[in-house]
Amino acid sequence: MEQTELTAQRRTITGKKVKRLRQQGIIPAVLYGPGVESIPIQVEERALNRAMRRAGQRLINLRIEGDPQPHRVLAREVQRDVITGRVLHVDFLEVSLTQKLTTRVPVVLVGEPDPVHRGLAVLLQGVDEVEISCLPEDLISSIEVDVSDLKLDQVIQVKDLRVPAGVEILTEPEEMVAQLSLLRVAKAQLAEEEAIGEEVSPDEVEVIAKGKTAAEEELDEGA
């Protein structure tokens, strides 16, 4: 998989003065990690948004101008404007490629079950993210679950999720991921059909059966 690259510069402006950076399309950030002294940095806003969309939950190659080697980082804390959604600040965690880490990834339901398409049921999603453990280079952005063939009596649980080798799901295996819930109209329709079935007495069933047999005998005689 192609690596996501992002260039940054060391930042000298701190505190409330960083507002001036944002006005220029530059986002303040911090690089930190085990054994790494926290470094204030800044990144170009458009390049940052592009890198974050591309990487998702995966690693970013952060190249700080003046440093001989890139830093392998995750965007751990992203502060956004509550109204516009614009990124205001990012904390980048530098990771060791040989040590497993834990993180949470979203669970994405894909497809539309037939009962939902027919308006008989709604699709319910339980957990919308799960906790995983893996090496940094094995990180995944999400887990997709195809629910196209989901039936009314079927429940998809965390233990049913499929992930690549090297990724371990830590969330409780019995947690519900997806299931169908019958709509009230469909429930009433099924109840009505059951009631009609109960109204047919055994005698009526027997008469119908006998009539059918007589008809069959007539056909045999005619033959």
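What follows is calculated from the coordinates using simple rules that are stated; it is not laboratory data. Here the structure is a predicted model, which is why all the values come from computation and not from measurement. Cβ placement follows ideal geometry from the backbone for every residue including glycine, while neighbour counts extend to all protein chains displayed.
What is the distance in Å between the Cα centroid of region 10-65 and that of region 100-116?
30 Å
ASP91 to ALA47: extension gain in nm, 0.36 nm per residue of separation minus the Cα-Cα distance? Let's see the in-between values first.
On the way: separation 44, 0.36 × 44 = 15.84 nm, distance 1.57 nm.
That works out to 14.3 nm of additional length.
Between GLU137 and THR98, with labels modelled 7 Å along Cα→Cβ, what's the label distance in nm to one decimal, could you check?
Inter-label distance under the simple model: 1.3 nm.
Pairs of Cα atoms under 8 Å, at least six residues apart: use those to get the relative contact order of region 1-156, whole percent.
Once divided by the residue count of region 1-156, the mean separation gives 21 percent.
Given a Förster radius of 45 Å and the C-beta distance between TYR32 and LEU183 as r, what FRET efficiency does 1/(1 + (r/R0)^6) yield to the nearest 0.05? Before the final figure, lay out each step's value.
Details: r = 50 Å, r/R0 = 1.11.
E(calc), rounded to 0.05, equals 0.35.
Going through region 82-176, which GluC sites (Glu not before Pro) have at most 11 other Cβ atoms within 10 Å and a DSSP loop state?
Of the GluC sites (Glu not before Pro), the ones in loops of region 82-176 whose Cβ has at most 11 other Cβ atoms within 10 Å are GLU174.
Pop a pseudo-label 7 angstrom from the Cα along the beta-carbon direction at both ASP160 and ARG20 and give the gap in nm to one decimal.
Rounded to a tenth, the inter-label distance reads 5.8 nm.
Taking the Cα-to-Cβ direction at THR84 and at GLU65 and moving 7 Å from each Cα, how far apart do the two end points lie in nm?
Once both label points are built, they end up 2.4 nm from each other.
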